[in-house]
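Colleague: What follows is a structure written as C-alpha cells; I'll ask about it next.
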Amino acid sequence: MVADSIEYSADIRSPGNERSGSGESPRRQIPTATRALSVIIVNYNVRDFLKQALSSVQKACADVDAEIIVVDNDSADGSVEMIKSSFPDVTLVENTQNIGFSRANNQAIAISRGEFIVLLNPDTLVSEDSFSVMMDFLRDHDEAGAVGCQILHPNGKFARESRRAFPTPFVAFCRVAGLSTLFPKSRIFGRYNMSYLPVDQVAEVDALSGSCMMVRRRALLESGPNQSHPREEVDSDTPRLLDEAFFMYGEDLDWCYRIQKAGWKIFYTPDTQIIHYKGESTRKGELRYVKLFYGAMVRFSRKHFKGYGRLVVELLRVAIVFKAVLSVVARLVRTSLPVVIDFSVVWVSVVTAAMIRANSGFNLPAPLFMMTVAPAFSIVTVLGIGLSRGYQRSGRSIRSVVVGLLLALLVVSAGSFFIKQIAFSRLVVLLSVPIAAVLLGALRLHSRYRASSISRAALVGSNDDAAKLLEAVRVNPNPSFELVGIIPVGESTQTDRLPTLGRFDQLRDIVRLRNIDTVVISSGSIPNWQIFDSIRQLRDLPVTFRMLADTHDRVISKASIRDLATPRMVAVDEYLRTPRSAFEKRTFDLVFSIAAVLLYPFRIVLSGFRLRAVNSRTIEFLQVIANKKTLVGARPKARQQIGAPLKEGVYSIVDVLPGPLDEESIMNAYTFYLENESAQLDWDIVMRSFRNPPESDAGR
C-alpha cells in the first residue's frame, strides 16, 4: 500500500511550529486505535538494511494485528522500488525531500492506527518476540507510557543508548567532561547512560533510544495516571508528536521528557533484544554530527531547564560548545594526517633527488634549497592532490597524485626562471617526480591492501546457501573473508564444497577452537532470537557477526554492506558505456612497470636468483612501457572468448583465483574485473600474483 506524500495542514502541525514555540501543545487530531500495533520506520538511503529490517519486522508481527509504515525521505538508492516490489503490504509514504527524522515520524503517527506505536530505525534487526514482549509489558504496567528493549551492537556488546537519563546541567557536564566514561559504575557520574544498573534488570529510566521504542497511544493523547491535576488542566502538556525543531538527535529525549511530564513512566526491559547495525550513521567526528548532536543538547537545555537559572544553563551551553569544538579539532587532526604524511614523503623525495644530483652521498643540500624549493614543491603537491579531490577517499586516488606532482613541477620550474638563486633546482624537481610518484602511489595502494586482511569465516545456513556464497566469494579477487566451513541448520547435511564444523549449539566451541573471526548467518536459517542469544554468548570472544541477505550476494555487517555479487555477461555492455579512465590505467601501468624495471636487482634476490623467470617478466614490463601490453589484462586465449576491450596483460584476474576454473567461471571473473576495474583492484591482483604465482596459464 502506498500513501501519498503528506503535507501538513491546519490540523497536522508540528510541535516545533506552534505559535507559542513551546513544542508541547500541538493542536492536531491523532486518529484513534483500530489495530494493536503500528511499526514506523523512517528510511534514508539504507535500502539493504531496510530490507532486512522489514523481513524481521514481518516475522515479529506474524501473530500481531499490526501495520507497518515506512516513510522514505527521498532516498536515491532504490529503497522505494524495493518496498513496492518486495513488501507490497507496507504502507509507504514518499517524500520529495529529506524532511528530518522527527517530521517523518510525525507523518506516520498521523496516519497510524495502532494501540501501541513503535519507532524503529531501518538499520535494525528485531527478534520474533520483540513486539509481543513490549506490548505485554505495557499492558501489565498501566503507568508506563513507553518502553524500550535491550539494544545490541553487531558484536554482541550492550548499546549504552538503550537507557538514558535526561541531560540536566550536572548530568550533561559529567558526559561532556568525560566523568561518565571514567566512572561508569558511579550513580553520581554515570547517570547519562545509567551504566551503574545491571543490563539484565528492568528499570524505570528517563529516556529511551529513538532507534527502538514503543509508546502507548494513550500517552500521546492523555495525561498519565501519575498526573495529579485534572486532565482538562494539563491537556496542553500531553506530548502528542515529536518536536520537529529537532531535525536529528535529541527528539527522543524531548519526547520522553514530555511523556513523563504528562504523568507517564518510561521503562527499560531486557526481556527482548534488537540488533542496531550502524548505530553511528553519522560518524561522531564529522562536522554534521557535531552540529546536529550538540546543537540538539543546547536546544534541549534551552527548552526544558529554564528553572535551573540562567547562569547554570549558560554554563552548560558553553560546556557543550566547548565539547563540540574539541570534536571538530580532533576531526581536523585526523583528516589532516594524510596531508602531513604526503607532505613529508614529497619533501623526503625532493631532498633525496637533490643529494643524488649533487653526487654527495648523504650530504644535505644547501639551506636555501631546504627552506624554499623542497617545502614549496611539497606544498604545491598536496594542494594539487586536494584540489583534485585526492583526500576525499582517504587519499587513495592515484590520479590525484599525478595531478599534484605535475602541478608542483610546473610551478617550481616556472619559478626557477624568475629566481636565479634556485635555477639549479629544475633538474632536481624533475628527478623528484618519479620518486615521489612511486612512494605516494605505493603508500596509498599498499595501505589499503594491508587493511583488507582476510578473516576466517563460518557460515550458518543450508547447503544451498553455502554453494551460492562460496561461488560469489570465489570469483571475487578481494573478499573480506575466507569461508572455512559450514554449520548446517535444518535438514542440511555434509556438503562436498565445505567441511561441516559442527552443530549450531556448539557455536562457541567452534569459534574458539577453530579461530573463527566472522560468523555469517543466512537470513531466515534460524530464528532471530537464537541469533541474539548466540551473539550474547559470544560477546566476550573476538568474533564479528554478519547477516547474509536473501539474495545471497550481499553480506550485511556493522556500518557496511559487502557486495559479493558475481556479475553476468549481460552487464558488460552497460559497463562499456562508462569505461575506466584510460589515463588512470596507463599512469598506473607506467609507474609500476618503471619501478619494477629499476628494481631489477632486488627482484632477482627476492626470486631466489631465478634469472630466467625474472628476465621474462622484465621483458613484459618493458612491453607495458612500450604500450604493447597492459599490467593487468586478459590472457591471450581468453581475449576472444570474453569479447571485451582488454589488452593482453602481464597479470590477469584469473591468476589469483583458485583453480581449476571452468569456462563460465573464467568469463565471470573477467566480467567482474571489467565492472570493478580500478587502481586498487589492479594492485590487489599484482600483489596476490607475486605471493601465489599461477602454476599454469592454460585456458585462462
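No lab work stands behind these numbers, since they all come straight from the coordinates. No experiment lies behind these values; they were computed from the predicted model shown. Every residue, glycine among them, receives a Cβ derived from its backbone with ideal geometry; neighbour counts consider all protein chains shown.
Colleague: Once fully extended, how much extra length lies between Ala467 and Phe602, figured as 0.36 nm per residue of separation less the alpha-carbon to alpha-carbon distance?
Modeller: 44.4 nm
Colleague: Spin-label point model (7 Å from Cα, Cβ direction): what's the Ala203 to Val318 distance in nm?
Modeller: 3.2 nm
Colleague: Please sort by residue number the trypsin sites (Lys or Arg not before Pro) in the range 154-192 whose DSSP state is loop and whose Cβ has at most 14 other Cβ atoms within 10 Å.
Modeller: Answer in residue order: Lys157, Lys185, Arg187.
Colleague: Here is a follow-up. Can you sort Trp347, Trp529 so the residue with the fewest Cβ neighbours within 10 Å comes first?
Modeller: Trp529, Trp347
Colleague: Hey, which of these cross-link pairs are over 22 Å Cα-Cα: Lys51/Lys468; Lys59/Lys265; Lys59/Lys84?
Modeller: Flagged as over cut-off: Lys59/Lys265.
Colleague: Further question: Tell me the label-point distance for the pair Asp74, His141, using the 7 Å Cα-to-Cβ offset, in nm and rounded to one decimal.
Modeller: Distance between the two pseudo-spin positions: 4.0 nm.
Colleague: Using a Förster distance of 30 Å, how high is the FRET efficiency between Asp271 and Ile188, based on the Cβ-Cβ distance and rounded to 0.05?
Modeller: In this case the efficiency is close to 0.55.
Colleague: Report the calculated FRET efficiency for Ser455 and Leu410 (r = Cβ-Cβ distance, R0 = 60 Å), to the nearest 0.05.
Modeller: My answer for the efficiency is 0.85.
Colleague: Place the peptides 88-95, 206-213 in order of packing, highest mean first, counting for every residue the other Cβ atoms within 10 Å and averaging per peptide.
Modeller: The densest-packed peptide leads the list: 206-213, 88-95.
Colleague: Just grab the label-to-label distance for Glu648 and Ile379, each label 7 Å out from Cα along the Cβ direction, in nm (one decimal).
Modeller: Here the modelled spin labels are 5.0 nm apart.
Colleague: Another question, if that's okay. Please give the net charge around Ile625, taking every other residue with its beta carbon less than 12 angstrom from that of Ile625, where Lys and Arg add +1 and Asp and Glu add -1.
Modeller: Summing Lys and Arg as +1 and Asp and Glu as -1 gives +1.
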